[in-house]
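*Asks:* Below: one structure in structure tokens.
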2 protein chains.
Amino acid sequence: MTSSQSQRRRAPTIFDVAAEAGVSKSTVSNVLQGKVPVLAVTRQRVLDAMDQLGYEPNAGARYMRQRSRILGVVVGDLQNPFYAELAAEIEESAAKRNHTILLATTGDVPEREVERVRTLVQHRVAAMIFLCIPGKAALRAVGGDVPSLFAAVPMRDELSIAVDSRAAAELAVSHLVELGHTAIGFVSVTLHEPPTETVRFDGYRRAIQQAGLKVGASRVLRADGRGPHLSAYQAELKAFLSRKRRPTAIVAATDFDALEVISAADALGMRVPSDLSVVGFDNISLAGHSRISLTTISQPLAEIAKLAVDAAIDGTPHKRRRAARSIKLRPELIVRASTGPVRLG
Amino acid sequence: MTSSQSQRRRAPTIFDVAAEAGVSKSTVSNVLQGKVPVLAVTRQRVLDAMDQLGYEPNAGARYMRQRSRILGVVVGDLQNPFYAELAAEIEESAAKRNHTILLATTGDVPEREVERVRTLVQHRVAAMIFLCIPGKAALRAVGGDVPSLFAAVPMRDELSIAVDSRAAAELAVSHLVELGHTAIGFVSVTLHEPPTETVRFDGYRRAIQQAGLKVGASRVLRADGRGPHLSAYQAELKAFLSRKRRPTAIVAATDFDALEVISAADALGMRVPSDLSVVGFDNISLAGHSRISLTTISQPLAEIAKLAVDAAIDGTPHKRRRAARSIKLRPELIVRASTGPVRLG
DNA sequence: TTGTATGCGTTATCAT
DNA sequence: ATGATAACGCATACAA
């Protein structure tokens, strides 16, 4: 309205506002900060001048004197609905606390990780929230000056806010045991993050042993593979499900994996859950769809996001205590139609 | 390793580097910029000093003199896999061009839009990429100084990079016509963005007329509703599908809507595609899952992302020509198992 | 309550 | 090829 000119003018500064309002820059700054009392009329004049000129403070310049209000968010795979949803929640929580997020995706490629982390550091983010497990180099690139924490991923010796994956696995396994299953397998084919995968497998293993069952190698399929070779996964999965001593129930490392398992079962003409029970992990929103109806472990997304943002903003006093301040949240089992009693015979 | 101290030190500056290398700040800046020639040995000394100190340039300070390398990305609904995937692609394209993205989600709430846009403006983003249709107020908040464009959403009179939705609708309709359908309906229940919804419905309507068919009011279900009242949607959908003169095929405004339609059909015991054919829109990654296998319209995500980022960075010379420079991409029909020949009778 | 002076980290202009 | 210096927009300590 005011200015349809396309020549990009210099944005109005605090100085312009001061001139327009007939006061000094300090006064403008004072009404901006709200710390120092300013006469009501003066204040109003400044405010008027501001939206007269369409003034917006320059965050970059501000951050040279103040703590930045940007949070760096590093996500491995934003294509995965779980991380996308989590990122959305984090953004919202951050906004509630007047912070913005600088988003970086790495595709879990080590070299890219370092590059992206460095970019975030250069922008002097107040803190770094990882939605992935970065490599050593990336972690080093963060440096000791910017606090970082890990959301929804397990990270030993660091501040991490995640679900207790052992408890989660126990939930899944005991649910299956209650349904009469004894041949309970584990599948992870699409999870690019070794540590997360390991923790979940470990939880599965412990839960199995705790239930007095055995962890048969023939019931476990773990692909350390790179890249999403969907067709290859399917081939492996079909072979896996066709084995003689195949499991009657499967704990999948993620809902994505569970979906792949279901696809393979469908292709083999196996029925879920009567021929094969499947439990997922993450409770992505599509897990509840009638065509999927996946029994799965749910993580309290909003809570994780809020805690992560709060911790990122409020900081962790002593580095050494980071791990100690880690938070393990309680997972929840969502029972849907992908699990059922074991078929006798 | 180097510094395990938790007291947050002042990050090393260009000045510190200069001191360490025994040169002036100007020289350091020169090697940083690479524009002015610097003696090889000096250059190396500076470089050494840099990673000795773990120096990273302060992007905020830099942006006070140079154009910022931040792109503001405003997305309405990041929970929607389509937008999450698009955001990921945009981030990647931006990174390739040494840019970072500041992400804001609005949940399509007008007041939040303005607030978020203002935050982005305050960070002096080089450009704004909208993955939603902002309200007037938000658009005004952008101001005339920061170029903005629209990716994957239709926006009249503005620079937009999206699929030709009329062509898309034609693709869907003619596919169904070829299968013998004449009672082809339209459903949109979860799309929060009126303009996008309107454009897609309009495309549907034109395509129907072009095919010599009629647009019966009884075959159209458009919910302008707010918020995701999934159960309510389901009730509406079931009632819709139970009508006497119900359609034999449905064009859904989004894959999400298509999934809801399928759920409703499942609940009513209707078979897809023998009782009801369904075409979606967006080709989200889960549309290809064996349990869904949704015939849908695909948008070239990566291409949209690249074009959007390039346009955002390289800019549009004259504001008036923005609309003229808009790009309409060709949609593609992905035929899967949710569509089939009309059942005779 | 308001104004003045200085510093923040960097780039850019001008000397040398 | 390198160094001194003035912006850049804002916050802050201090003076008035």
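*Asks:* Checking A:ASP16 against (1) assigned to a loop (DSSP other than H, G, I, E, B); (2) within 16 Å of DNA strand C (Cβ to nearest atom), which test does it fail?
*Replies:* Only one criterion in (1) assigned to a loop (DSSP other than H, G, I, E, B); (2) within 16 Å of DNA strand C (Cβ to nearest atom) is unmet by A:ASP16, namely (1).
*Asks:* Quick one: is A:ALA104 of a type in the set (A, V, I, L, M, F, W, C) and assigned to a helix (DSSP H, G or I)?
*Replies:* no
*Asks:* Also, I was wondering about something else. A:ALA95 is checked against (1) in a helix (DSSP H, G or I); (2) hydrophobic (A, V, I, L, M, F, W, C); (3) within 16 Å of DNA strand D (Cβ to nearest atom); (4) facing another protein chain (nearest Cβ under 8 Å) and fails just one. What number does that condition carry?
*Replies:* Result: A:ALA95 passes all but (3).
*Asks:* Only one residue in A:THR105, A:THR100 is crowded, with 20+ Cβ neighbours inside 10 Å and more than 16 Å from DNA strand D (Cβ to nearest atom). Which one?
*Replies:* A:THR105
*Asks:* Then there's this: Out of all the residues in region B:127-145, which are within 12 Å of chain A (Cβ to nearest Cβ) and buried (at least 20 other Cβ atoms within 10 Å of the Cβ)?
*Replies:* Within region B:127-145, B:ALA127, B:ALA141, B:VAL142 qualify.
*Asks:* Test B:ALA61 against the stated conditions and say whether it is at negative phi, within 7 Å of chain A (Cβ to nearest Cβ), in a loop (DSSP other than H, G, I, E, B) and within 16 Å of DNA strand D (Cβ to nearest atom).
*Replies:* Values: at negative phi: yes; within 7 Å of chain A (Cβ to nearest Cβ): yes; in a loop (DSSP other than H, G, I, E, B): no; within 16 Å of DNA strand D (Cβ to nearest atom): yes.
Spelling it out, it is not the case that B:ALA61 is at negative phi, within 7 Å of chain A (Cβ to nearest Cβ), in a loop (DSSP other than H, G, I, E, B) and within 16 Å of DNA strand D (Cβ to nearest atom).
*Asks:* Which condition from (1) within 16 Å of DNA strand C (Cβ to nearest atom); (2) surrounded by fewer than 18 Cβ atoms within 10 Å (Cβ to Cβ); (3) more than 9 Å from chain B (Cβ to nearest Cβ) is the one that A:ALA49 breaks?
*Replies:* A:ALA49 satisfies every listed condition except (2).
*Asks:* Oh, and also: Between B:PRO154, B:PRO81, which is closer than 30 Å to B:PRO247 by Cα, modelled with pLDDT under 95, more than 16 Å from DNA strand D (Cβ to nearest atom) and at the interface with another protein chain (Cβ under 8 Å from one of its Cβ atoms)?
*Replies:* B:PRO81
*Asks:* Identify, please: which residue in region B:252-310 is more than 14 Å from chain A (Cβ to nearest Cβ), polar (S, T, N, Q) and within 23 Å of B:THR182 (Cα to Cα) and is, among those, surrounded by the most Cβ atoms within 10 Å (Cβ to Cβ)?
*Replies:* B:THR296
*Asks:* Working only within region B:105-115, note down all residues that are more than 7 Å from chain A (Cβ to nearest Cβ) and either in contact with a Gly (Cβ under 8 Å, 6 or more places away or on another chain) or under 16 Å from A:GLY54 (Cα atoms) (or both). Step through it out loud before you land on a result.
*Replies:* In the first step, residues of region B:105-115 are kept if they are more than 7 Å from chain A (Cβ to nearest Cβ); the result is B:106-115.
Answer for region B:105-115, where residues must be more than 7 Å from chain A (Cβ to nearest Cβ) and either in contact with a Gly (Cβ under 8 Å, 6 or more places away or on another chain) or under 16 Å from A:GLY54 (Cα atoms) (or both): B:THR106, B:GLY107, B:ASP108, B:PRO110, B:GLU113, B:VAL114, B:GLU115.
*Asks:* Something else: From the set of residues in region B:32-49 that are in a helix (DSSP H, G or I) and under 38 Å from the mean Cα position of the chain (by Cα), which is nearest to DNA strand D (Cβ to nearest atom)?
*Replies:* Within region B:32-49, the first condition is being in a helix (DSSP H, G or I), and the residues that meet it are B:32-33, B:40-49.
Remaining after also requiring under 38 Å from the mean Cα position of the chain (by Cα): B:32-33.
Working: B:LEU32: 13, B:GLN33: 11 Å.
Out of the qualifying residues, it is B:GLN33.
*Asks:* Going by the conditions given, is A:ILE70 within 14 Å of chain B (Cβ to nearest Cβ), more than 9 Å from DNA strand D (Cβ to nearest atom), in contact with a Lys or Arg (Cβ under 9 Å, 6 or more places away or on another chain) and not basic (Lys, Arg)?
*Replies:* Answer is yes for this residue.
*Asks:* Report, ordered by the first and then the second residue, all pairs with beta carbons closer than 6 Å, sequence separation of six or more or different chains, a first member in region B:64-79 that is away from DNA strand C (no atom under 16 Å from the Cβ), and a second member that is acidic (Asp, Glu).
*Replies:* Here the result reads B:GLY76/B:ASP108; B:GLN79/A:GLU85, each pair linking region B:64-79 to a residue that is acidic (Asp, Glu).
The values are calculated or read from the model by the stated rules, or taken from the named source; none is laboratory data. All values reported here derive from a predicted model rather than from experimental measurement. Neighbour counts are summed over all protein chains in view; Cβ atoms, including those assigned to glycine, are modelled from backbone coordinates with ideal geometry.
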